[in-house]
Amino acid sequence: MSESIKIKVTDLIGSPLCISAEDGQKIFDKVEKLLKEGKLVTISFENVTMLISLFLNMAIGQLYGSFSEDTVRTQLKVEGLSSDDRELLKRVVDNAKKYYANKASYDDAWLEEDENEE
Amino acid sequence: MELNLGTIRSDLSGFNTISNIAKQTKDSFLNSIELNFSYCSFFEANMAAPLYSVIARLRDELNDVSINNMQSSVETILRKNRFLTVFNQPKLSDYNQTTLPFKIFKLTAGEQFNDYLNRYMKGKGIPTMSKALTKRFRQSLLEIFLNAAIHSESGLGIFVCGQFYPQKHRLDFTISDAGIGIRENVRRYTRRKVNSCNAIKWALAEGHTTKSGSQPGGLGLKLLKDFVQRNKGKLQIVSNFGYYEFDADGDFCDKMDYSFPGTCVNLEINTTDTSSYCLSSELNGNDIF
């Protein structure tokens, strides 16, 4: 396979803050297109000063709705994350895998109806 | 219309009192509403945010809201945290710099909220916390803020303020909106008629989100709970009739007497915490994906 294409998050979203869903979607759109073309992709978080799960759900979590775990593992890399942010990303990824594996029951789980108040 | 307020602390009773104002003024339009503070001998500064959720709705219905008979000690607190500037009263200098002032943000103002935290978390009265704690605290506040921006549908904005209590080594930060509430979000999404407490508990479970579209989500509140547990802090989530509280001793959700018109999250942290907040050893790319 060819050399990895680097996506610099701060360049693409124009900010060191990875906090909004819209910016996460921007990253997702670029990465999804490249992965579909079979490219290797490295997402660089260099110079990012703040990162939250909401952003990562959009940017990376969503990929598991389009690609298999194998594809993501083979074609995608991340760099420039501190160890605690890597942990955050791991939580997001595990959550996304579970979500797409069993979407309907995940949403409906255990919710009780309560007709008698409010 | 004159309404009396009692003492307001950041607890079930305080939220009930604030929600009762909303109930008593439910259909009020183009009225004059006076909030009489003469029975209020103490007002916990961070409760300015949820109080403004009620006031914002009243102002949106073109009511003229005023504040009267405030005791000087309460007035000092609420001028220092700049809450009273929304009633055109001058701010009072916070020489100790233990306050993160009351501020109204638009839903799209995530970056401005981050700037606000940059500025006021550096106040000389705010203790120097470990780097890991500072980062996790700010991450948590941004998760709450952005959650409110996505889910609240509160055209009136997001109301925030915070207060450091040096003797207790506790820092409280409160983010409140005047939106549709967690119950309505969960009802729309699940198409089931759940009550407020069950809706809050549903939203707290890992992976649950009412975000439209088919993206995974619902980690923000779970991460918040994990953080609070580790930090031995406290989390309060109030929305409609639900009052949820979580701390080291466990959690509970009580039904309030009156419905809070929106959602309010109060995060209280223990500022002496030196945990690393990094649980496992270094993860590499293969471990992540």
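Within region B:254-262, does at least one residue satisfy the condition of being closer than 25 Å to B:Y165 by Cα and crowded, with 21+ Cβ neighbours inside 10 Å? No, region B:254-262 contains no residue that is closer than 25 Å to B:Y165 by Cα and crowded, with 21+ Cβ neighbours inside 10 Å. Where helices (runs of 4 or more DSSP H) sit wholly within region A:4-89, those with at least 1 residues that are open to solvent by 30 Å² or more (accessible area, probe 1.4 Å) occupy A:9-13, A:21-36, A:63-66, A:69-75. Within region B:92-106, being over 18 Å from B:L156 (Cα atoms) and outside any strand (DSSP E or B) holds for B:L92, B:S93, B:D94, B:Y95, B:N96, B:Q97, B:T98. Note on region B:1-33: residues that are in contact (Cβ under 8 Å) with a residue 60 or more places away in the chain and at positive phi total 0. Starting from residues that are more than 11 Å from every other protein chain (Cβ to nearest Cβ), under 20 Å from B:G220 (Cα atoms) and aromatic (F, W, Y), keep the ones in region B:132-170 and report whichever is farthest from the chain's Cα centre (by Cα). In this case the residue turns out to be B:F137. In the set A:S83, A:S105, only one residue is at pLDDT below 90 and touching a Cys at 6+ places or on another chain (Cβ under 8 Å); that residue is A:S83.
Taking region B:82-91 only, how many residues are part of a helix (DSSP H, G or I) and surrounded by 15 or more Cβ atoms within 10 Å (Cβ to Cβ)? Even if it seems obvious, please write down each step before you answer.
Residues of region B:82-91 that are part of a helix (DSSP H, G or I), as a first pass: B:83-87.
Going one step further and asking which of them are surrounded by 15 or more Cβ atoms within 10 Å (Cβ to Cβ), we end up with B:83-86.
The total comes to 4.
Among the residues of region B:176-185, those that are crowded, with 23+ Cβ neighbours inside 10 Å and within 14 Å of chain A (Cβ to nearest Cβ) comprise B:G181, B:I182, B:R183, B:N185.
In region B:232-258, the residue that is nearest to B:I200 (Cα to Cα) out of those that are among the basic types (K, R) and in a strand (DSSP E or B) is B:K255.
Go through B:D226, B:D249, B:D172 for me and flag whichever is farther than 27 Å from A:K98 by Cβ and open to solvent by 30 Å² or more (accessible area, probe 1.4 Å). Quick ask: steps written out before the conclusion?
Details: B:D226 fails: farther than 27 Å from A:K98 by Cβ; B:D172 fails: open to solvent by 30 Å² or more (accessible area, probe 1.4 Å).
Among B:D226, B:D249, B:D172, only B:D249 is farther than 27 Å from A:K98 by Cβ and open to solvent by 30 Å² or more (accessible area, probe 1.4 Å).
The values are calculated or read from the model by the stated rules, or taken from the named source; none is laboratory data. On a predicted model such as this, the values are computed, not experimentally measured, just so you know. Every residue, glycine among them, receives a Cβ derived from its backbone with ideal geometry; neighbour counts consider all protein chains shown. Note: accessible area is taken over every heavy atom of the protein model, side chains too, but ligands, DNA and RNA are not part of it. Shrake-Rupley method; radii C 1.70, N 1.55, O 1.52, S 1.80 Å.
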